[in-house]
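Undergrad: First the structure, which I've put down as structure tokens, then a few questions once you've had a look.
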Amino acid sequence: MGSGTGSFLKVLLENFDVLAGPVISLVYPLYASIRAIETKSHVDDKQWLTYWILYSMITLFELTFAKVIEWIPIWPFAKLILTCWLVVPYFSGAAYVYENFVRPFYANPQETINILYVPRKKDIFSKPDDVLSAAEKYIEENGTYAFEKLITKDKSRRSSGYTFFDGDRDDRY
């Protein structure tokens, strides 16, 4: 029993992340998700939906950066610890990450990446946003001079020869 058991325990401990990873990240969440669907409470549904969203993001991250991750020797253990934190409902790790990082990016994409100035819709019954309403709102907030300055500041970079505002003159012909 001595050397066989010792070798078995050594292999088990050396490959703990390989053995425990699927159980913690897939088997238990699958079981808990099925139980959550069968209950009438929506709190546990939210816990497991947020977990599966984050698990998908981790998987996409791993697939995208596989060549870089293989050079990080502690990645399997870090992923196991992160997954434990996300899975265990006591910590509410999935809810924390979703509420503080994923949801703000998804709920307010124009506040996180503001490339063009286009106002957000207030609700589904308001008129749709378009370039004209965005320009009108910009003029209301900043004035016509700021709008003219905004339009003509990019004029030297354009090669088409068209101008947006040039008074009564028409230089296209």
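The values are calculated or read from the model by the stated rules, or taken from the named source; none is laboratory data. What you see is a predicted model; the values in this text were computed from it and never measured. Every residue, glycine as well, gets a Cβ built from its backbone with ideal geometry; the counts of neighbours run over all protein chains shown. Each accessible area value is taken on the protein alone, full model and side chains, heavy atoms only, with ligands, DNA and RNA left out. Shrake-Rupley method; radii C 1.70, N 1.55, O 1.52, S 1.80 Å.
Undergrad: Which of the chymotrypsin sites (Phe, Trp or Tyr not before Pro) found in region 1-99 are loop residues per DSSP with 13 or fewer other Cβ atoms within 10 Å of their Cβ? If you can, show how the numbers build up before the last one.
TA: Details: sites: Phe8, Phe16, Tyr31, Trp48, Tyr51, Trp52, Tyr55, Phe61, Phe65, Trp71, Phe77, Trp85, Tyr90, Phe91, Tyr96, Tyr98; in loops: Phe65, Trp71, Tyr90, Phe91.
Here the chymotrypsin sites (Phe, Trp or Tyr not before Pro) that fit, given the DSSP loop and packing criteria, are Phe65, Trp71, Tyr90, Phe91.
Undergrad: For q values of 0.28, 0.29 Å⁻¹, compute log₁₀ I(q)/I(0) with the Debye formula on a Cα-only model of region 21-66, without solvent.
TA: -0.99, -1.02
Undergrad: Given a 1.4 Å probe and heavy atoms of the protein chains only, how would you sort Leu60, Leu12, largest accessible area at the top? Mind showing how you got there, number by number?
TA: Details: Leu60 110, Leu12 70 Å².
From most exposed to least exposed: Leu60, Leu12.
Undergrad: Would you kindly find the accessible area of Val18, with a 1.4 Å probe and non-protein molecules such as ligands, DNA and RNA excluded, rounding to the nearest 10 Å²?
TA: 90 Å²
Undergrad: Hey, another quick one. Can you tell me, using C-alpha contacts under 8 Å and at least 6 residues apart, the relative contact order of region 1-88 as a whole percent?
TA: After rounding, I find 43 percent.
Undergrad: Go through region 36-99 and name the GluC sites (Glu not before Pro) that are in a DSSP coil and have 10 or fewer other Cβ atoms within 10 Å of their Cβ.
TA: Those satisfying the criteria are Glu70.
Undergrad: Please work out the FRET efficiency for the pair Trp75 and Ala146, using the Cβ-Cβ distance as r and a Förster radius of 45 Å; give the result to the nearest 0.05.
TA: E between Trp75 and Ala146, to the nearest 0.05, is 0.35.
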